[in-house]
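The values are calculated or read from the model by the stated rules, or taken from the named source; none is laboratory data. Every value quoted in this text rests on a predicted model; they were computed, and no experiment measured them. Quick reminder, even Gly has a Cβ in these numbers, built from the backbone with ideal geometry, and neighbours come from all protein chains shown.
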Ligand SMILES: Cc1cc2nc3c(=O)[nH]c(=O)nc-3n(C[C@H](O)[C@H](O)[C@H](O)COP(=O)(O)OP(=O)(O)OC[C@H]3O[C@@H](n4cnc5c(N)ncnc54)[C@H](O)[C@@H]3O)c2cc1C
């Protein structure tokens, strides 16, 4: 523990009321005596003195603490922007969601009134959550509520950069997909100038990520950004084979990892961008069993990520797989950065990539108003601005409704003459009764325009050729997707569209070919043309393209992984 230089009296900003209400029992429920006893068995009591720093924003490892006596200020931001988030008093549990998702601390804990705390090592706390299920659920619910409160306050790291700059867009997308608490501020904003002045940056040569506590990065790679927020894991051990390597951390890959690790298999999970996949970009998933009011994609992803870490999955993000070969009886998964992982079995769960609109210049506006996920598009929209959503499937319907719900006039552009064949009835009904959504059937996008960023979308009624120019600063393109399997083409059998063929769809004759004949079996239901390599979720030929089936296939694949491993000799 270290002392701070400035006392509270030298911090006028602390005179303001805390940002969160400490008496709000939903955010700061007092621990019961029984819960404190549970934690006492794992921690040690420490005396605290006024002005002492218990943990600091940016710390990679820090203890979970219960305030026993006195009080602690939880502080966010830095420099002139420093604010007191909350005051923690006896019975309050000081822990962040970051601790469970492997990120660095986002706040500083500064002792206000001396007393004592119970400090519990974070690894012991994580183990306890997995063991004491009702306490684990109590903590998780509290952390999700706190996370929502922090999101509303737009706290967290800051990305300063021009809205016209591609690297700024890249970093914003990385932050959105990884559910990092963050705020993006345009470089023209006076607040941005003030913050940059505080860290001594006069001229912007690229986007700057302000991490808090005076730490910052200038135009980092996604890998460096991940390192700085604590998303990177231990260096790879190149000669140590995993029982299972899972490529892709959407619902399918997360599910496979959780089932495998829970069943005792050593498991690594790679994702090129972020855990959660497409599902994490969905505003609300309403057809996932057990959530009658729906669940946000981000929360579902967060929960699955915590579950994967709880069971000891070795999570590697951001890491992109670029090659798959066999060597000495092992599968070798090559990574973009030159590393490789050895595996006794592999699950491929790379989902799909969105199709681009066949419209001139649309690429110029990618990230500058044109997006393939509603969460990304949302950031482009000023209050009350208009949006165009293209597509006739459920994802397009959900996107249109959520933008309309947030006060944006929304045009839903659909090539077909109706939505009956492609969109769920409950979505069609809500769209029909929402005056903020205008459905343009039999229409296609013909042109996009704007001065640097998207401002106009020209649509055409296909039967008549009549054109209409829509003023819109966001265009959400949800017109289907392609599998990211080009790197597998010579290794596995794919269908005509590039999706991975598995099980019976490979044809009965495959069982007579090598190496299957030697194994004396045909491929299992979700097994590819190579024994021990499985494909699940949206990337699999014939998949249903939904969250629940993707997660279900994860569980199914692990059963077959087990059967495969039981039949091949252990090396
Ligand atoms: C906006 C939106 C709303 C949706 N709403 C719903 C809904 O309400 N209900 C529903 O059931 N379904 C919904 N879906 C569909 C659902 O999200 C998908 O069917 C599901 O996410 C598929 O899961 P997956 O794991 O197969 O793939 P994905 O979720 O696509 O995940 C694949 C992951 O693999 C990673 N990856 C790709 N290539 C590589 C590589 N080479 N190396 C490493 N990683 C790689 C990607 O970064 C990605 O994170 C929605 C989809 C969208 C886009």
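Restricted to the stretch 144-161, and to residues that are part of a loop (DSSP other than H, G, I, E, B) and buried (at least 18 other Cβ atoms within 10 Å of the Cβ), which residue is farthest from the chain's Cα centre (by Cα)? Even if it seems obvious, please write down each step before you answer.
Of all residues in the stretch 144-161, those part of a loop (DSSP other than H, G, I, E, B) come to 154-156, 161.
After this cut, where a residue has to be buried (at least 18 other Cβ atoms within 10 Å of the Cβ) as well, the list is 155-156, 161.
On the way: 155: 17, 156: 16, 161: 22 Å.
Per the stated criteria, the residue is 161.
Of note, residue 396 does not satisfy the criterion of being assigned to a helix (DSSP H, G or I), within 15 Å of the ligand (Cβ to nearest atom), touching a helix residue (DSSP H, G or I) at 6+ places or on another chain (Cβ under 8 Å) and within 24 Å of residue 466 (Cα to Cα). For the stretch 271-303, filtered to residues that are over 10 Å from the mean Cα position of the chain (by Cα) and surrounded by 24 or more Cβ atoms within 10 Å (Cβ to Cβ), the residue that is farthest from residue 476 (Cα to Cα) is 271. No other residue among 268, 261, 228 is surrounded by 22 or more Cβ atoms within 10 Å (Cβ to Cβ), in contact (Cβ under 8 Å) with a residue 12 or more places away in the chain and away from the ligand (no atom under 16 Å from the Cβ) apart from 261.
One residue alone among 520, 552, 507, 498 is away from the ligand (no atom under 12 Å from the Cβ) and touching a residue at least 12 places away in the same chain (Cβ under 8 Å), and that residue is 498. Selection within the stretch 536-552: residues that are touching a helix residue (DSSP H, G or I) at 6+ places or on another chain (Cβ under 6 Å) and in a helix (DSSP H, G or I). The member of this set that is modelled with the lowest pLDDT is 547. I'd like the residue in the stretch 326-358 that is away from the ligand (no atom under 13 Å from the Cβ) and loosely packed, with under 14 Cβ neighbours inside 10 Å and, out of all such residues, is nearest to residue 279 (Cα to Cα). Step by step, filter the stretch 326-358, then rank; the result is 358.
Look at (1) outside any loop (DSSP other than H, G, I, E, B); (2) within 10 Å of the ligand (Cβ to nearest atom) and you find that residue 299 fails only one, number (2). Considering (1) part of a loop (DSSP other than H, G, I, E, B); (2) more than 13 Å from the ligand (Cβ to nearest atom); (3) closer than 26 Å to residue 375 by Cβ, the lone condition that residue 318 does not fulfil carries the number (2).
Of all residues in the stretch 457-479, those that are without any contact (Cβ under 8 Å) to a residue 60 or more places away in the chain and either within 16 Å of the ligand (Cβ to nearest atom) or under 33 Å from the mean Cα position of the chain (by Cα) (or both) total 1.
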